[in-house]
Each structure stands twice: as C-alpha cells, then as structure tokens.
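Student: Structure incoming, see below.
The values are calculated or read from the model by the stated rules, or taken from the named source; none is laboratory data. Bear in mind the structure is a predicted one, so any value in this text is a computation, not a measurement. Every residue, glycine among them, receives a Cβ derived from its backbone with ideal geometry; neighbour counts consider all protein chains shown. Only protein heavy atoms, including side chains, enter the accessible area calculation; ligands, DNA and RNA are left aside. Shrake-Rupley method; radii C 1.70, N 1.55, O 1.52, S 1.80 Å.
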Amino acid sequence: MKVFVNYPEDADKKTEFEDRVADFHATLLIKKIQDLHISDASKRKVLDLILQDLKEKMYED
C-alpha cells in the first residue's frame, strides 16, 4: 500500500502531524495485540516488552 501525505511546513502543524501519526501507530499496535489468540496476561506481557524495547531505543540515541 502506498500512502501520499502532504507534510506541513509550519512548525506547529508539524508537531500536530507527528502527534497524530504517533497516535495512529499506537492505536494500530494495540489493535494488533488485542487480535492475538493468546491470554490477556500474555498480551499484557507482549505490550510491556514492546514498551521496554522502545524505551531502551529512545535512550540509545
């Protein structure tokens, strides 16, 4: 799938755009985890591991 986006030039609109994209990604991730055919406890563990990995990557940069 190809998606074309008109990236905003204004700094405030760039921030809003980035926030909305992050929200979309988070929503998609949560939906994917919810659709897994595993227990709720396992889903929670998957989410916790993803969040831990993201935090570690954030501090690497």
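Student: Test Ile38 against the criterion of being modelled with pLDDT of 95 or more and more than 15 Å from the chain's Cα centre (by Cα), and give yes or no.
Tutor: Considered against the rule, which asks whether it is modelled with pLDDT of 95 or more and more than 15 Å from the chain's Cα centre (by Cα), Ile38 comes out as yes.
Student: Is it the case, given these coordinates, that Ile38 is in a helix (DSSP H, G or I), open to solvent by less than 100 Å² (accessible area, probe 1.4 Å) and not polar (S, T, N, Q)? Step through it out loud before you land on a result.
Tutor: Details: in a helix (DSSP H, G or I): no; open to solvent by less than 100 Å² (accessible area, probe 1.4 Å): yes; not polar (S, T, N, Q): yes.
It is false that Ile38 is in a helix (DSSP H, G or I), open to solvent by less than 100 Å² (accessible area, probe 1.4 Å) and not polar (S, T, N, Q).
Student: Can you tell me which residues in region 21-35 are more than 10 Å from the chain's Cα centre (by Cα) and either assigned to a helix (DSSP H, G or I) or among the small types (Gly, Ala, Ser) (or both)?
Tutor: As a first pass, look at region 21-35 and keep what is more than 10 Å from the chain's Cα centre (by Cα): 31-35.
Matches in region 21-35: Lys31, Lys32, Ile33, Gln34.
Student: Quick one: Leu49 ticks every box in (1) surrounded by 10 or more Cβ atoms within 10 Å (Cβ to Cβ); (2) part of a loop (DSSP other than H, G, I, E, B) bar one, so which box is it?
Tutor: Evaluating Leu49 over (1) surrounded by 10 or more Cβ atoms within 10 Å (Cβ to Cβ); (2) part of a loop (DSSP other than H, G, I, E, B) leaves (2) as the failure.
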